[in-house]
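Novice: First the structure, then my questions, so here it is.
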Amino acid sequence: LAEFAAGRALGYPLIGDTDLALGRALGVPEVRAEGRVLFERAGVVLDRTGAVRALIHPVPDPEHHADLVLSELARLTGEGEHD
């Protein structure tokens, strides 16, 4: 994952969930494909301490997944709020 992230200059670490423990703990719905257990697309927002602040699911349109994450970050940080 580090190589994948570095090749895309993401600027943040990715979390691998090879044993499916994190997705299951968060309640992300599972799907089976070609004999494998996978999770439906979801976004997880963690704070600097590693605490889960938001689970973004469902993601109806993968093309706009990043927009959903950015909206959630704005909500959590209070950005975009006006009096």
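Taken together, the values in this text are just the output of simple stated rules run on the coordinates, not laboratory data. Everything quoted here is computed from the prediction, not taken from an experiment. Every residue, glycine as well, gets a Cβ built from its backbone with ideal geometry; the counts of neighbours run over all protein chains shown.
Novice: Can you sort Thr18, Thr77 so the residue with the fewest Cβ neighbours within 10 Å comes first?
Specialist: Working: Thr18 7, Thr77 10.
Least to most surrounded, the residues fall as Thr18, Thr77.
Novice: Dipole of the chain, Cα-centred, from +1 at each Lys and Arg C-beta and -1 at each Asp and Glu C-beta, to the nearest 20 debye?
Specialist: Numbers: 8 positive and 14 negative charges, 62 e Å.
Dipole of the chain, to the nearest 20 debye: 300 debye.
Novice: Shifting gears a bit: Tell me, what ³J(HN,Hα) does each residue in the stretch 30-42 have, in order and in whole Hz, if you take phi through Karplus 6.51 cos²θ - 1.76 cosθ + 1.60 with θ = phi - 60° and put x for Gly and Pro?
Specialist: With coefficients 6.51, -1.76 and 1.60, one gets 8, 9, 10, 9, 6, x, 10, 8, 10, 10, 4, 4, 8 Hz.
Novice: Okay, next question. Under the rule of at least 5 residues apart or a separate chain, name every residue whose amide H is placed under 5 Å from the amide H of Arg53.
Specialist: Val45, Leu46, Asp47
Novice: Cα-based Rg (one decimal) and Dmax (whole number) for the stretch 16-77, in Å?
Specialist: 12.6, 40
Novice: Which loop-located GluC sites (Glu not before Pro) does the stretch 15-52 contain, where loop means any DSSP state but H, G, I, E or B and the Cβ has at most 13 other Cβ atoms within 10 Å? Please report the intermediate quantities before stating the final value.
Specialist: Details: sites: Glu30, Glu34, Glu40; in loops: Glu34, Glu40.
Those that pass, being in a loop and sparsely packed, are Glu34, Glu40.
Novice: Once phi is turned into ³J(HN,Hα) by the Karplus curve 6.51 cos²θ - 1.76 cosθ + 1.60 with θ = phi - 60°, what whole-Hz value does each residue of the stretch 14-25 show in order, with x for glycine and proline?
Specialist: Once θ is set to phi - 60°, the couplings for the stretch 14-25 become 9, 10, x, 10, 5, 9, 6, 5, 5, x, 5, 4 Hz.
Novice: Sticking with this structure for a sec: Among Leu22, Ala51, Val69, which residue has its Cα positioned farthest towards the positive end of the charge dipole of the stretch 16-77, with +1 placed on the Cβ of Lys and Arg, -1 on the Cβ of Asp and Glu, and the dipole taken about the Cα centre?
Specialist: Value: Ala51.
Novice: How would you rank Ile56, Ile15, going from fewest to most other Cβ atoms within 10 Å of each one's own Cβ? Write down the numbers at each step before the final one.
Specialist: On the way: Ile56 15, Ile15 9.
In order of increasing Cβ crowding within 10 Å: Ile15, Ile56.
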